[in-house]
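Participant: First the structure, then my questions, so here it is.
The values are calculated or read from the model by the stated rules, or taken from the named source; none is laboratory data. Quick caveat, the model's predicted, so the values are computed rather than measured. Every residue, glycine as well, gets a Cβ built from its backbone with ideal geometry; the counts of neighbours run over all protein chains shown. Quick note on the areas: whole protein, heavy atoms, side chains included, nothing else; ligands and nucleic acids left out. Shrake-Rupley method; radii C 1.70, N 1.55, O 1.52, S 1.80 Å.
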Amino acid sequence: MQNSIRTLALLLCAHYGFTAGIPKPQDSTIRDCNATPPYIPPTAKISTEDLNNLRHQMRQHNISAYIIPATDPHMGGYLAERERRRQWLTGFTGSSGTAAVTLTRAAVFTDSRYWIQAERQMDCNWELQKILSTSEIVSWILPQLKDGDEIGFDPFLFSIDDWQSFNNLLKDSGKILRSIPNNLVDAVWGSQRPALPDSEIYFIPNEFVGSTCEEKVNDIRRQMEQHSQKPTAVLLSALEETAWLFNLRAQDIPNNPFFYSYSLLTTDSIRLFVNVSRITDGVRTYLNTNCSRSTSVQILDYEKVRETVTDYAQGENTKIWIGSRYTNYGLYEVIPKGKLVSETYSPVLMTKAVKTEKEQRLLKQCHIRDAVAVVEYLVWLEKNVPKGEVTEISGAKYVDKLREKQANFKGPSFDTISAGGLNAALPHYRPDNQTDRKLTAAEMYLVDSGGQYYDGTTDITRTVHWGTPSDFEKEAYTRVLMGNIELSRLIFPPRTLGGSIETIARQALWEVGLNYGHGTGHGIGNFFAVHEWPVGLQTNNIGLQKGMFTSIEPGYYHDGHFGIRIEDIAVVVEAETKHLFGGEKYLTFEKVTLVPYHRKLIDTNLMTDVQIEHVDNHNEKIRRILGPELERQNLHEALRWLEENTKPLSHGSLPAASTFVLIITIITSLSLQ
C-alpha cells in the first residue's frame, strides 16, 4: 500500500513539474524565482542573513539605499579577494556589475555577457537588471525613496566620473547622495573578510624594463614643466602607475603583478604610499639608488595618502595633476578645485601606453615562448580529447603547467577560460566543480588563456573542433576569422580611435545577421595587467599610435550550443602607402601571436583571395619564427603538428617534412653562430 501511494505521489509530482517537493526548472543550472517555492541552483549563494545585516547597518547610518560597485580604491579591473564586496554579498562573480540595496529590495545591474552567470550564482533576494548604467540604477532606486532620503556610497570606491554621474542625476530629485567613508559591506563581512595582501614586493632587473626608474621620473617631471598649467605634483592612483614608475612588482591581486599603493611625485620629492612593513632593505636601497639621484624616495603608510594630499594641496602655488579615470572621489574631494589639473589619464598612463623599442622587442620575445606552450596544448588536446580523458578544468590546469616550463614565466595572466560546447556560449565562462564538463570530439572548444613573464604579458584565444563541425559552426568561425583579418590588415591615420574602426571586425558577421556583445580589443603590457588601459578598440580608449599593443578578438556566441572567439595580440606599426597625407606615416597592425587558426573550421569558399593570402602569409611567419624555437626546445611532435597546421589554405603546398625540418635546422644553426 505504501509503495502504491509513493508511486502515485511521484506521478503527480512529475505531472505538475515537481520533484520531491522542489519545482523542476527547465534549466537546473539557473534559478527560477517564479516557481513555488523558488528554485535556487546549488551554485547560488544564499544571501538572506548578510543582506539583513547590511540593512541593519543602513538604518544605523540613516540611509535608505546603498550602492555597491565592483571596484577597489584604485579603479582597477581586477580585485584582491578583500575588495570583492559585491561578489561576497551577492554571490555573482562577474567582473562587471553594480549592486544596489534599499530597505525592501536588492538588485544587480550587469550586461549581456553575465546574465546567465548571474542567474546561476544569485538567490532570489536579488533582482537581475539586464543593463548596466548609472541612469538605470538611479531610475530603479528613486521610486522606492521619499523626498529627503539619503543614498549612501563609499567615496573610495567611486571614480570621479561615477560620482558626477550619480550626483547630476539626483540633483533635482529631492534625494541626497551621501559619502560614507567607512564601508558598510565591510562591517557586515567582519572577521571573515580576507586579510591585507602581503606578497613580496620586488624590483625587476633592468634587462626586462624599457627605462630605468630615474629615467621615468625625469620624463614625468619634464612633462610637468611643459604643461600649460604648470602642475607641481602628479598623483598616481592606478596600481600599475606606481608599479611602472618604480619598476616594482608584487602579487596582491591574483594574476596581476601589482601591490596596493599610491605615489605623489612632485618637482622635488617622491612619496610612495604602501604597507611600510613590506618594504625590505633591498627594495629600500634600490629605490634610493635607482629612482632619483637628487632626492630619496619617502616611504609612507598606505593609509596616509588622503592626509598627505590634503596637506600638500594647502601649500602655496601647488597644483596636483590627476588622471580622473583612476582617481577615486575620496582623494578628489580633498583637493581644492583651483589646485587641480585634471585629465582623463595621468601622464604615466599616457607614456606607458606607447612601448619603447626595447619593450616591443621583449613583448614579441615572450609571445614566441608563449606560443610554444599553446601549440603543445593543442597537440595534447588533439590526442587526448577523443579518448575522453580531458575536462574543462583539467585542460585549464594543463595549459598553465605547459607555460611554467617556459623561461621567465611568473604565472598565468588570468584564470583560463576553458569552455566546451554550450559553456563556450558564455563569453567569460570559467569552469568550476559544478559546471565542469568533459571535452568531446563532437563539440567545439574555446580556450582563452595567457601568461605573465618578466618580459611581457600574453593573451590568446583559440576555438577548435576535433570531430565534424556543422555547416553553421564553420560559417560562424570563418566569419569571425574574416573579421579578425579585415581589422588586422586595416591601414588608418595616426591617432585614429579604436572605437571608430572596431566595427570592421563585425562586418562579416553583420552581413548574415550575427554579432557579439563584448569589446573587440584591449591593451596589453610588459608584465602588467592583461587588460591595460588606455589602449584598445573601445569608444573610451585613446587614439592609436605606433608602438601600442592591442588585442583583436571578434567572436560569436550561440546560446545553449557553442561559442567562438579568435584573439590575437598585435602591435601598431607604420604602413607602407603610396601617398603621405599630412606628412605623417599611416598605421596598421602587426600580429605578434604565433599560433595557427583551426583549419577544420575554415570555409575558404566564404573568404576573399586577399583574406586567404593573409592567413597563408601569417602561417609562413609562424613557421619561420616559431619553428626554430620548437626545434631548440626539442619539441619534435609539436614541430610536425605546426607543419601540418600551417599549410597554405590556397592551392600551394609546403615543402616535404624532411625538407622543412632541414630548413629549420639550418636557420637554427645560423642563429647560433
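Participant: Restricted to segment 77-96, and to residues that are assigned to a loop (DSSP other than H, G, I, E, B) and touching an Asp or Glu at 6+ places or on another chain (Cβ under 8 Å), which residue is nearest to residue 45 (Cα to Cα)?
Facilitator: 91
Participant: Now for a separate question. Taking residue 469 as the residue in question, decide whether it is within 19 Å of residue 539 (Cβ to Cβ), part of a loop (DSSP other than H, G, I, E, B) and modelled with pLDDT of 95 or more.
Facilitator: no
Participant: For segment 481-566, give me every one of the strands (runs of 3 or more DSSP E) that falls completely inside it and has 3 or more residues that are under 22 Å from the mean Cα position of the chain (by Cα) and closer than 24 Å to residue 423 by Cα. Talk me through it step by step, then tell me what you get.
Facilitator: Details: elements: 532-536, 549-552, 555-558, 562-565.
In segment 481-566, the matching strands (runs of 3 or more DSSP E) lie at 555-558, 562-565.
Participant: OK, next. Filter segment 565-575 for residues that are over 21 Å from residue 370 (Cα atoms) and open to solvent by less than 10 Å² (accessible area, probe 1.4 Å) and give the result.
Facilitator: Residue satisfying the conditions is 575 alone.
Participant: For a quick check of your reading of the model, give me the residue pairs whose first member lies in segment 137-164 and is within 21 Å of residue 330 (Cβ to Cβ), whose second is of a type in the set (Lys, Arg) and open to solvent by 40 Å² or more (accessible area, probe 1.4 Å), with beta-carbon atoms closer than 6 Å and at least 6 apart or on different chains.
Facilitator: Correct list of pairs: 150/178; 152/178.
Participant: Kindly list the number of the only condition in (1) crowded, with 21+ Cβ neighbours inside 10 Å; (2) at pLDDT below 95 that fails for residue 560.
Facilitator: (1)
Participant: Oh, and also: Quick one: which helices (runs of 4 or more DSSP H) sit completely within segment 244-354 and have at least 1 residues that are more than 14 Å from residue 201 (Cα to Cα), in contact with a helix residue (DSSP H, G or I) (Cβ under 7 Å, 6 or more places away or on another chain) and modelled with pLDDT of 95 or more?
Facilitator: Correct list: 305-313, 329-332, 347-353.
Participant: Pairs only if they're at least six apart or on different chains, beta carbon under 7 angstrom, first in segment 38-50 and closer than 19 Å to residue 99 by Cβ and acidic (Asp, Glu), second part of a helix (DSSP H, G or I) and modelled with pLDDT of 95 or more; list them, first residue then second.
Facilitator: Pairs found: 50/89; 50/188.
Participant: Just one of 311, 301 is of a type outside the set (Gly, Ala, Ser), under 30 Å from the mean Cα position of the chain (by Cα) and open to solvent by 30 Å² or more (accessible area, probe 1.4 Å); which is it?
Facilitator: 301
Participant: Another question about this same structure. Can you find a residue that is open to solvent by 50 Å² or more (accessible area, probe 1.4 Å), in a helix (DSSP H, G or I), without any contact (Cβ under 8 Å) to a residue 40 or more places away in the chain and under 26 Å from residue 237 (Cβ atoms) anywhere in segment 170-182?
Facilitator: no
Participant: Return the residues of segment 473-530 that are of a type in the set (Phe, Trp, Tyr) and open to solvent by 30 Å² or more (accessible area, probe 1.4 Å); say none if nothing qualifies.
Facilitator: Selection gives 510 alone.
Participant: Given the criterion among the charged types (D, E, K, R), in contact (Cβ under 8 Å) with a residue 12 or more places away in the chain and open to solvent by less than 10 Å² (accessible area, probe 1.4 Å), identify the matching residue among 392, 359.
Facilitator: Going through 392, 359 in turn, just one is among the charged types (D, E, K, R), in contact (Cβ under 8 Å) with a residue 12 or more places away in the chain and open to solvent by less than 10 Å² (accessible area, probe 1.4 Å): 392.
Participant: May I pose another question? Among the residues of segment 111-124, are any part of a loop (DSSP other than H, G, I, E, B), in contact with a Phe, Trp or Tyr (Cβ under 8 Å, 6 or more places away or on another chain), closer than 22 Å to residue 425 by Cα and aromatic (Phe, Trp, Tyr)?
Facilitator: The answer is no, given that none of the residues of segment 111-124 is part of a loop (DSSP other than H, G, I, E, B), in contact with a Phe, Trp or Tyr (Cβ under 8 Å, 6 or more places away or on another chain), closer than 22 Å to residue 425 by Cα and aromatic (Phe, Trp, Tyr).
Participant: So which residues in segment 74-123 are in contact (Cβ under 8 Å) with a residue 40 or more places away in the chain, more than 26 Å from residue 191 (Cα to Cα) and open to solvent by 50 Å² or more (accessible area, probe 1.4 Å)?
Facilitator: Selection gives 104, 112, 113, 116.
Participant: Ok, one more. Anything in segment 577-606 that is of a type in the set (D, E, K, R) and either at positive phi or at pLDDT below 95 (or both)? List them, or say none.
Facilitator: Hits for segment 577-606 are 578, 584.
Participant: Only one residue in 200, 207 is without any contact (Cβ under 8 Å) to a residue 24 or more places away in the chain, loosely packed, with under 14 Cβ neighbours inside 10 Å and over 28 Å from residue 317 (Cβ atoms), so which one is that?
Facilitator: 207
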